Amino acid sequence: MDEMGEFREAVARSAAGGGAFGEAAPGVRGAVLVEGPSDHAALEALARRLGRDLEAEGICVLSMGGATNVARYAGLLGPPGLGLRLTGLCDEQERPFYDRALEEVFVCVKDLEEELIRALGVARVEEIVEAEGELGPWRTFTRQPAQRGRSPEQRMRRFLGTQSGRKIRYGRLLAGALDPASVPGPLDALIGRL
């Protein structure tokens with residue numbers, strides 16, 4: 001495992017109550033706190049799509065296992081702890097947790113998946129779903145009675161969360177498929193600040 005990966009694991013252990021850790025990985029100058037692994041995967045894929053290597057730039061993207069952990073992570077990594085420059089990316093409903101812990105937060109209108117689907121359009125996302133061999137399950141899903149009253153965007157957003165690991169995989173794929181001129185506002189602003 002590389003130094004950044006070891007650093008992520010040490011931070012996660014410490015945040016879970018597994019004791020303090022000494023210092024940041026060499027070269028780490030900042031961290032982006034995100035709620036979960038799908039956000040982490042999407043953010044790193046988008047950075048690569050835009051020609052950026054966040055790790056090489058000293059930016060550690062940390063998946064915290066939920067927004068309620070942001071204060072704990074901020075305490076470990078920010079001024080009270082390592083003194084790293086912190087920022088965050090969160091869903092609209094999780095903003096209060098982030099606002100209490102961080103000075104700089106970028107907020108997705110509903111959530112990251114909704115931002116990516118809106119930026120790409122449902123037709124383009126369906127092409128990606130088809131390329132992943134999941135067009136059949138997608139079509140079955142859209143015919144379910146519970147999906148009838150939802151918009152195509154709402155159905156796609158829900159579909160991405162119906163199977164373990166799907167949001168992570170599609171977060172990476174959708175972010176990687178974005179046209180650099182069509183990056184959703186919160187993501188564009190965040191990447192621009194890093």
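The equivalent ellipsoid that matches the C-alpha gyration tensor of segment 45-188 spans semi-axes of 31, 18, 13 angstrom, in descending order. Between 14, 182, 164, the Gaussian network model of the chain with springs among Cα atoms under 10 angstrom shows the greatest mean-square fluctuation at 164.
Of the GluC sites (Glu not before Pro) in segment 110-174, the ones in a loop by DSSP (not H, G, I, E or B) with at most 15 other beta carbons within 10 Å are 132. Taking the Cα centre of the chain as reference, the dipole from Cβ charges on Lys and Arg (+1) and Asp and Glu (-1) amounts to some 660 debye. Per residue, the accessible area of the chain comes to 48 Å² when a 1.4 Å probe rolls over the protein heavy atoms. Taking other residues whose beta carbon is less than 12 angstrom from the beta carbon of residue 25, and scoring Lys, Arg as +1 and Asp, Glu as -1, yields -4.
Using a Gaussian network model of the chain with C-alpha springs under 10 Å, which one of 31, 47, 181 is most mobile by mean-square fluctuation? Highest fluctuation of the listed residues: 181. Express the relative contact order of the chain as a whole percentage, based on alpha carbon pairs under 8 Å and six or more residues apart in sequence. Across the chain, relative contact order equals 25 percent. Residues with beta-carbon under 15 Å from that of residue 10, excluding residue 10: net charge, scoring Lys, Arg +1 and Asp, Glu -1? That works out to -2. Summing +1 for each Lys or Arg and -1 for each Asp or Glu among the other residues whose beta-carbon sits under 9 angstrom from that of residue 85 gives 0. Just checking the listed ones, 174, 43, 135: in the Gaussian network model of the chain with Cα springs under 10 Å, the one fluctuating most is 135. Taking the 0 to 90 degree range and rounding to the nearest ten, how far is the long axis of helix 37-49 tilted relative to the main principal axis of the chain, both from C-alpha atoms? Value to nearest ten degrees: 90. Relative to the first principal axis of the alpha-carbon coordinates of the chain, what is the inclination of helix 166-177, with its axis defined by its Cα atoms, in degrees from 0 to 90 and to the nearest 10? The helix 166-177 is inclined about 90 degrees to the chain. One equal scatterer on each Cα of segment 1-114, no solvent, Debye formula: the resulting log10 I(q)/I(0) at q = 0.10, 0.18, 0.24 Å⁻¹ is -0.26, -0.88, -1.53.
Taking the accessible area of the chain, probe 1.4 Å, and keeping the other protein chains in place, the carbon and sulfur fraction comes to 46%. Place +1 on the Cβ of every Lys and Arg and -1 on the Cβ of every Asp and Glu in segment 6-154, take the dipole about the Cα centre, and give the residue among 135, 90, 12 whose Cα lies farthest towards its positive end. The residue sitting most towards the positive pole is 90.
In this entry, segment 116-156 is assigned a mean projected area of 2.7 nm², taken as a quarter of its C-alpha convex hull surface.
The values are calculated or read from the model by the stated rules, or taken from the named source; none is laboratory data. Not measured: the values here are computed from a predicted model. When we count neighbours, we look across all protein chains shown, and the Cβ atoms used for this are built from the backbone with ideal geometry, even at glycine. Ligands, DNA and RNA are stripped out before the accessible areas are found, and what is left, the full protein with its side chains, is counted by its heavy atoms. Shrake-Rupley method; radii C 1.70, N 1.55, O 1.52, S 1.80 Å.
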